[in-house]
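The values are calculated or read from the model by the stated rules, or taken from the named source; none is laboratory data. Please read these numbers as outputs of a predicted model, since none were measured by experiment. Cβ atoms come from the backbone with ideal geometry, glycine included; neighbour counts cover every protein chain shown. For accessibility, only protein heavy atoms count, side chains too; no ligands or nucleic acids. Shrake-Rupley method; radii C 1.70, N 1.55, O 1.52, S 1.80 Å.
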Amino acid sequence: MESNWALIGFGPNGWGDDILAGVLVTVSLALATLPLGIASGFLLALGKMSEDKALRLSANIYTTIFRGLPELLTLFLVYFGGQSAINALTGAVGLPELTVSSFLAGMIALGLVFSAFASEVFLAAFRAIPHGQTEGAMALGLSRWRIMLLVLIPQLIRIALPGLANLWMNLLKDTALVSVVGLADTLRQAGIASRVTREPFLFFGVACAIFLVLTMLSSIVIGRIDTWTRRSGVSR
């Protein structure tokens, strides 16, 4: 039997290159989902603070749904339900069938969940900023967009960062769910290697180590961002 080092090594007899490819897919999926989730969560938070009752209700319903559904169920709804909806639409207009990739489905599903939780983080951050700052900026003649850009967002970043950091950690772990719809991520590659070599403890242990390393690297980056926001002079 080949040694463990040979099995996790690179080359024709090792699975290291496959595992590394899976890690790249995992990181790519998380990084692709992050801006989508943050932007959507920010807009949802604005919707929850809107004076329009219909907009507030819609944002709250969205948040309730995607905070309540399990991530895996959301993924299945997007991957299988989205596929059926697209095929029905293309068939109705006479276009050929389109296929929703597992990567795109994962990005959308995880983005929906991330944005629902991020909206609550942003909403709490907005409420933590004294309303008098907005009133003072308006008294100086600043437009709403300039108030948002120059007064609110710098403080929002500082206040919301811990909550968003926790959501990023959850997102990084939740990428493993997309392996069930065929995405060749870290967990799926580890599963394939474990079945072929009959060494499940080895390869799932490697997958555990990889996620722990990604988490530690994320913590370092988040710490640097937090230090930068503190040095920028942003305060509560």
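Entry remark, region 16-33: residues being open to solvent by 50 Å² or more (accessible area, probe 1.4 Å) and either touching a Leu at 6+ places or on another chain (Cβ under 6 Å) or hydrophobic (A, V, I, L, M, F, W, C) (or both) number 3 in total. Filtering region 38-87 to residues that are of a type in the set (D, E, K, R) and under 20 Å from Asn166 (Cα atoms) leaves Arg67, Glu71.
Results for (1) of a type in the set (Phe, Trp, Tyr); (2) over 23 Å from Phe114 (Cα atoms); (3) at pLDDT below 80, shown as yes or no for each residue.
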{"position": "Pro130", "(1), (2), (3)": "no, yes, no"}
{"position": "Gly136", "(1), (2), (3)": "no, yes, no"}
{"position": "Trp145", "(1), (2), (3)": "yes, yes, no"}
{"position": "Met148", "(1), (2), (3)": "no, no, no"}
{"position": "Leu152", "(1), (2), (3)": "no, no, no"}
{"position": "Gly163", "(1), (2), (3)": "no, no, no"}
{"position": "Asn166", "(1), (2), (3)": "no, no, no"}
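For region 40-79: of the residues being among the charged types (D, E, K, R) and under 22 Å from Lys173 (Cβ atoms), which is most open to solvent (accessible area, probe 1.4 Å)? Per the criteria, the residue is Arg67.
Within region 187-201, the set of residues being over 21 Å from Met107 (Cα atoms), open to solvent by 40 Å² or more (accessible area, probe 1.4 Å) and assigned to a helix (DSSP H, G or I) comprises Ile192, Arg195, Val196, Pro200, Phe201.
Taking the conditions exactly as written (assigned to a helix (DSSP H, G or I), out of contact with any helix residue (DSSP H, G or I) (no Cβ under 7 Å at 6 or more places or on another chain), open to solvent by 30 Å² or more (accessible area, probe 1.4 Å) and under 21 Å from Leu29 (Cα atoms)), does Met216 satisfy them or not? So Met216 fits the description; yes. For the condition hydrophobic (A, V, I, L, M, F, W, C), in a loop (DSSP other than H, G, I, E, B) and open to solvent by 30 Å² or more (accessible area, probe 1.4 Å), Leu36 does not qualify. Any residue in region 24-32 that is over 24 Å from Leu217 (Cβ atoms), assigned to a helix (DSSP H, G or I) and not charged (D, E, K, R)? No; the residues of region 24-32 include none that is over 24 Å from Leu217 (Cβ atoms), assigned to a helix (DSSP H, G or I) and not charged (D, E, K, R). Restricting region 89-106 to residues that are assigned to a helix (DSSP H, G or I) and surrounded by 10 or more Cβ atoms within 10 Å (Cβ to Cβ) leaves a set whose member that is modelled with the lowest pLDDT is Gly91. Quick check on Gly82: is it modelled with pLDDT of 95 or more, assigned to a helix (DSSP H, G or I), open to solvent by less than 70 Å² (accessible area, probe 1.4 Å) and under 23 Å from Val25 (Cβ atoms)? When the stated conditions are applied, Gly82 does not pass them. Of all the criteria given as (1) in a helix (DSSP H, G or I); (2) open to solvent by less than 80 Å² (accessible area, probe 1.4 Å), the one not satisfied by Arg127 is (2).
Exactly one residue among Ala209, Ala137, Ala184 is surrounded by fewer than 19 Cβ atoms within 10 Å (Cβ to Cβ) and part of a loop (DSSP other than H, G, I, E, B), and that residue is Ala184.
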